[in-house]
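**Student:** Just passing along the structure, written as structure tokens.
The values are calculated or read from the model by the stated rules, or taken from the named source; none is laboratory data. From a predicted model like this one, the values you see are computed outputs, not experimental measurements. Every residue, glycine as well, gets a Cβ built from its backbone with ideal geometry; the counts of neighbours run over all protein chains shown.
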Amino acid sequence: MPIFNVPRALRDKLGEEATEALVALINAATDAAKADVIALAGEKYERRLAEEAARFGDRVTEEGLRLDRRITELDQRITEEVTRLDRKITEEVAKLEARIAQEVARLDHRITEEVTRLDRRITEEVAKLEARIAQEAARLDHRITEEVAKVRVQVADVRADLLRWMFVFWVGQIGALLGILLVFFRR
């Protein structure tokens, strides 16, 4: 509460009670004016706040709608881009599958050629080996035949030498026996 200093001349003329009453009246008028100003300011503030809240709500609604439109546009662009990429992926996969099929066919043909070539080469090598084995077998058979013939000749020679030595031995034995018998009977 504000304190007023009432001048002495006015105080002397009015008196103590009247001065106090005047001060109370001024204070009451000031308080009423303050209350009116505060009420008016509060109403003005509430009205301004309501206007700003309405403007803010309108702006939020506008931004929400703008964002919804933007999200819808982005969703549509994303869907279009996904569709385009899906088509591109499908095309690329088809190209790759065709290329793989070509490569498989080419490699299969090459493998078939290589197998045929290797089979023919193996057949040739087997034929060469069989011919060589036949030659070696014939050569070994001829050599064995020659060696057997040599062995037979040597066995025949040994047999002849053995018979000759046996004959010489028996002739010597008979000669010695006859010599012993002659010596024995002559006495």
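**Student:** Read through the list (1) modelled with pLDDT of 80 or more; (2) at negative phi, then give the number of the only condition that F4 fails.
**Tutor:** (1)
**Student:** Moving to a separate point now. Checking T61 against (1) surrounded by fewer than 10 Cβ atoms within 10 Å (Cβ to Cβ); (2) at pLDDT 90 or above, which test does it fail?
**Tutor:** The number of the failed condition is (1).
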